[in-house]
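K.L.:
Here you go, one structure.
The values are calculated or read from the model by the stated rules, or taken from the named source; none is laboratory data. Since we're looking at a predicted model, the values are computed, not measured. In this analysis, Cβ positions are derived from the backbone assuming ideal geometry, glycine residues included, and neighbour counts consider all displayed protein chains.
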Amino acid sequence: MSRIVSLVPSITELLCDLGLAEQIVGRTGFCIHPREIVRRIPKVGGTKSVNLEKVRSLAPTHVIVNVDENEKPTADAIAQFVPHLVVTHPLAPLDNLALYRQMGTAFGKERAAEELCARFQAAYDAAASRRYTQRNVLYLIWKDPWMTVSRDTYISRTLALFGLSTLPEDAADRYPRLMLDEPSLSGVEEILLSSEPYAFREKHLREVSERLGKPARLIDGEMTSWYGSRAIRGLGYLAEFKK
């Protein structure tokens, strides 16, 4: 039986939904869903602060990492003592289908993976069949410094499915730092403050709204950035959010 350490919160949830909870022997502190299951799984640090000795002590057969979530030196170090390093990098909503099948094939849960694929495809088709008013948005993920997402990210491509185009249009970094008075933000029509990784709250709405002179709303970051099984719910959430 496989012994899995997942260093990716959304994939930890996906593994549980595939029926693999009993095989997960380690997780990060950010792997919080499903709560009643993960609370019994040992923590090995954070997504970017992994305790390698704790991982080693759990004797995993597989460690799951993500290109955005985890540091490459950490992944390289783990590859030296773990038989199977599973690397993931979804960049668009439909990449979830390949992700489900990747996990299903790796751990003998092909049927459960196909069931998730069918559910996701139905939710995706429902979202894609609707017409949405196009709107330019600034999606903020961090404060001090302010940070956003480029269009070359899963978040941006997911928002685009619902007519929400992220600015700036061009960015050298995938998660760029910015100043709120940059000319590249002149076309922003609405500001979206994500609930993660920075825990934006109602108190932050007035600050950014006054700075840019545009309306601002809070948005559930799990529903926009978590690929895996939560993405099925995320599509429904965003369809309602866009109304």
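K.L.:
Of the residues GLU190, GLU207, GLU222, GLU196, which is surrounded by 18 or more Cβ atoms within 10 Å (Cβ to Cβ) and acidic (Asp, Glu)?
P.N.:
Exactly one residue qualifies, and that residue is GLU222.
K.L.:
Right, here's the next one. From the residues in the stretch 60-72 that are more than 20 Å from the chain's Cα centre (by Cα) and not polar (S, T, N, Q), which one is surrounded by the fewest Cβ atoms within 10 Å (Cβ to Cβ)?
P.N.:
HIS62
K.L.:
Could you please find all residues in the stretch 111-138 being aromatic (Phe, Trp, Tyr) and under 18 Å from ARG230 (Cβ atoms)?
P.N.:
Across the stretch 111-138, the qualifying residues are PHE120, TYR124.
K.L.:
For residues that are surrounded by fewer than 23 Cβ atoms within 10 Å (Cβ to Cβ), of a type outside the set (Lys, Arg) and part of a loop (DSSP other than H, G, I, E, B), tally how many sit in the stretch 19-59.
P.N.:
The total comes to 15.
K.L.:
Could you please let me know if GLU169 is within 27 Å of GLU210 (Cβ to Cβ), part of a loop (DSSP other than H, G, I, E, B), in contact (Cβ under 8 Å) with a residue 24 or more places away in the chain and not small (Gly, Ala, Ser)?
P.N.:
No, not satisfied.
K.L.:
Do we find a residue being part of a helix (DSSP H, G or I), out of contact with any Pro (no Cβ under 7 Å at 6 or more places or on another chain), outside the structural domain of GLY236 (by TED's automatic domain parsing) and surrounded by fewer than 12 Cβ atoms within 10 Å (Cβ to Cβ) anywhere in the stretch 73-84?
P.N.:
Checked against the condition, which is being part of a helix (DSSP H, G or I), out of contact with any Pro (no Cβ under 7 Å at 6 or more places or on another chain), outside the structural domain of GLY236 (by TED's automatic domain parsing) and surrounded by fewer than 12 Cβ atoms within 10 Å (Cβ to Cβ), the stretch 73-84 yields at least one hit.
K.L.:
Here's a follow-up. With the condition kept exactly as written, say whether any residue in the stretch 182-194 is in contact with a Phe, Trp or Tyr (Cβ under 9 Å, 6 or more places away or on another chain) and assigned to a loop (DSSP other than H, G, I, E, B).
P.N.:
So far as the stretch 182-194 goes, no, none of its residues is in contact with a Phe, Trp or Tyr (Cβ under 9 Å, 6 or more places away or on another chain) and assigned to a loop (DSSP other than H, G, I, E, B).
K.L.:
Let me ask another. Could you check, for the stretch 143-153, whether at least one of its residues is out of contact with any Phe, Trp or Tyr (no Cβ under 7 Å at 6 or more places or on another chain), surrounded by 19 or more Cβ atoms within 10 Å (Cβ to Cβ), closer than 27 Å to PHE120 by Cα and of a type in the set (Asp, Glu)?
P.N.:
The answer is no, given that none of the residues of the stretch 143-153 is out of contact with any Phe, Trp or Tyr (no Cβ under 7 Å at 6 or more places or on another chain), surrounded by 19 or more Cβ atoms within 10 Å (Cβ to Cβ), closer than 27 Å to PHE120 by Cα and of a type in the set (Asp, Glu).
K.L.:
Still on this structure, please answer the following. Which one of these is within 17 Å of the chain's Cα centre (by Cα) and farther than 18 Å from TYR175 by Cα: ASP95, ASP76, ASP125?
P.N.:
Every option except ASP95 fails the conditions.
K.L.:
ILE64 is checked against (1) closer than 16 Å to GLU13 by Cα; (2) in a helix (DSSP H, G or I) and fails just one. What number does that condition carry?
P.N.:
ILE64 satisfies all of (1) closer than 16 Å to GLU13 by Cα; (2) in a helix (DSSP H, G or I) except (2).
K.L.:
Can you work out which of the residues in the stretch 180-230 that are touching a residue at least 40 places away in the same chain (Cβ under 8 Å) and among the small types (Gly, Ala, Ser) is farthest from GLN102 (Cα to Cα)?
P.N.:
GLY187
K.L.:
Can you tell me which residues in the stretch 116-140 are of a type in the set (A, V, I, L, M, F, W, C), in contact (Cβ under 8 Å) with a residue 60 or more places away in the chain and either in a loop (DSSP other than H, G, I, E, B) or over 19 Å from TYR100 (Cα atoms) (or both)?
P.N.:
Correct list: ALA126, ALA127, LEU138, LEU140.
K.L.:
Then there's this: Of everything in the stretch 146-163 that's charged (D, E, K, R) and assigned to a loop (DSSP other than H, G, I, E, B), which residue is farthest from LEU91 (Cα to Cα)?
P.N.:
Across the stretch 146-163, the extreme among qualifying residues is ARG151.
K.L.:
Here is a follow-up. Quick one: which of ALA98, ALA128 is surrounded by fewer than 14 Cβ atoms within 10 Å (Cβ to Cβ) and more than 22 Å from LEU14 (Cα to Cα)?
P.N.:
After ruling out the rest, the residue left standing is ALA128.
K.L.:
Scan the stretch 108-125 and give yes if some residue there is under 30 Å from LEU167 (Cα atoms), at pLDDT 95 or above and touching an Asp or Glu at 6+ places or on another chain (Cβ under 9 Å), otherwise no.
P.N.:
no
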